[in-house]
Amino acid sequence: MIEWFAIIISLFFAMNIGASGAAASFGVAYGSGAIRKAHFALIFCAIGIVLGAVLGGGEVVKTISSGIIPQKLINIHIVLIIIFSATSSLFVANLMGIPLSTSEVTVGAVVGVGVAYKLLFVKSLLVIMMFWLIVPLTAFLIVFPIAKGLYHLQNKGILKEFRWLSYLLILAGFFEAFSAGMNNVANAVGPLVGANIMSVTNGIWLGGIFVALGALLLGKKVLETNGKKITIYTKWEGIIISTTGATLVIISSIFGLPVPLTQVTSSAIIGIGMAKDGRGVLQKHIVKKILRIWFVSPLFSLSISYLLVKVFLASDAYSVTVLLSVILATLGTISLMKAIKEEKRSIHEEGSGI
């Protein structure tokens, strides 16, 4: 019975992954008008997700299931803790308006279990964290010179918008959905595979189908929101962003590395922005958001999974007390800093200060 409960939660998590990040992969194509109907965009997206999961999702599943902590440590109770920690982290973050990466949240939840039991493959974890920085940086370094060259051609009147670019943009969106299937499905089913509840093959098929269902049934709002935000990009820009992000995520997936597609795409957007507007884009909130997501995502779920292990499996009241004290102290410090800033702002506006 408890195994079925774990499977249901995992598949619910998979649908949420599809409804959020995966559905956004066709945002450029939909927002630019290359695909005019939302349901057609979501159908293409769902097909890309399933194909990506089935054809290339196995390596990332293996990493999540046994590459961060020993597989012998993963049982049904640990699976529930990992999935609950990842899912609740995303839920709380959504309530607070903080965007989190599903890959980083899942890895953080697995690491929290490893820290609690003092069994962690540190070298593997460091490699994953290193690529969380390297891959987005690489996206920027690829996009910036390409965009710079295209803008130079555009200013000379050489570069124009052709009708066939719409088809190329749809293909780029499909490529991005494919990469999401390769990388993100593992976040939902990796713990189940680690606990031998299902095989890698069954996991990627079932996970891929439910991530695709999430995009198909629940992704319309995200698709429309994302599409409206990116209509300022030309088809050329959209092709560069989607293709670069998808290529890097697919390469990472081949090596079994879970990486955040959203941050890779954001870095490509920064490259476009710098090529167009110069260094001023670096002062915008998007850079701060990337750094915040990178730092907060894994720590959030790590703390929850560590706490759950100590409370329900280890009965370690001392560690729980210490962790809660640190969390409360951190929240209190943040609240105090906000209060001080508001007080200074109030004094300045009233004319009583500097």
(request) Select the helices (runs of 4 or more DSSP H) contained entirely in segment 1-110, then report the ones holding at least 1 residues which are within 21 Å of PRO298 (Cα to Cα). (result) 2-17, 58-62, 76-96
(request) At least 1 residues that are more than 18 Å from ALA14 (Cβ to Cβ) and aromatic (Phe, Trp, Tyr) in each: list the helices (runs of 4 or more DSSP H) lying fully within segment 163-282 that qualify. (result) 164-194, 235-254
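Taking the options SER32, SER65, SER85, name whichever one is more than 20 Å from the chain's Cα centre (by Cα) and not basic (Lys, Arg).
Values: SER65 fails: more than 20 Å from the chain's Cα centre (by Cα); SER85 fails: more than 20 Å from the chain's Cα centre (by Cα).
Within the list SER32, SER65, SER85, the selection yields SER32.
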(request) Kindly provide the set of residues from segment 336-354 that are modelled with pLDDT under 75 and either part of a helix (DSSP H, G or I) or exposed (fewer than 10 other Cβ atoms within 10 Å of the Cβ) (or both), ordered by number. (result) GLU343, LYS344, ARG345, SER346, ILE347, HIS348, GLU349, GLU350, GLY351, SER352, ILE354
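Tell me the residue from GLY58, GLY48 that is modelled with pLDDT of 90 or more, out of contact with any Cys (no Cβ under 7 Å at 6 or more places or on another chain), surrounded by fewer than 24 Cβ atoms within 10 Å (Cβ to Cβ) and small (Gly, Ala, Ser), please.
On the way: GLY48 fails: surrounded by fewer than 24 Cβ atoms within 10 Å (Cβ to Cβ).
Matching residue, one of GLY58, GLY48: GLY58.
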(request) Could you check how many residues of segment 157-181 are of a type outside the set (Ser, Thr, Tyr) and open to solvent by less than 10 Å² (accessible area, probe 1.4 Å)? (result) 7
(request) Could you run through segment 13-29 and say how many residues are modelled with pLDDT of 80 or more, open to solvent by 10 Å² or more (accessible area, probe 1.4 Å) and not small (Gly, Ala, Ser)? (result) 2
(message) All but one of (1) open to solvent by less than 60 Å² (accessible area, probe 1.4 Å); (2) out of contact with any helix residue (DSSP H, G or I) (no Cβ under 7 Å at 6 or more places or on another chain); (3) closer than 19 Å to LEU257 by Cα hold for MET129; state the number of the condition that does not hold.
(response) (1)
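The values are calculated or read from the model by the stated rules, or taken from the named source; none is laboratory data. Quantities reported herein were computed from a predicted structural model and do not represent experimental measurements. Because the Cβ atoms are built from the backbone with ideal geometry, glycine has one as well, and the counts that use them run over all protein chains shown. Remember, those area values only see protein heavy atoms, side chains included, never the ligands or the DNA or RNA. Shrake-Rupley method; radii C 1.70, N 1.55, O 1.52, S 1.80 Å.
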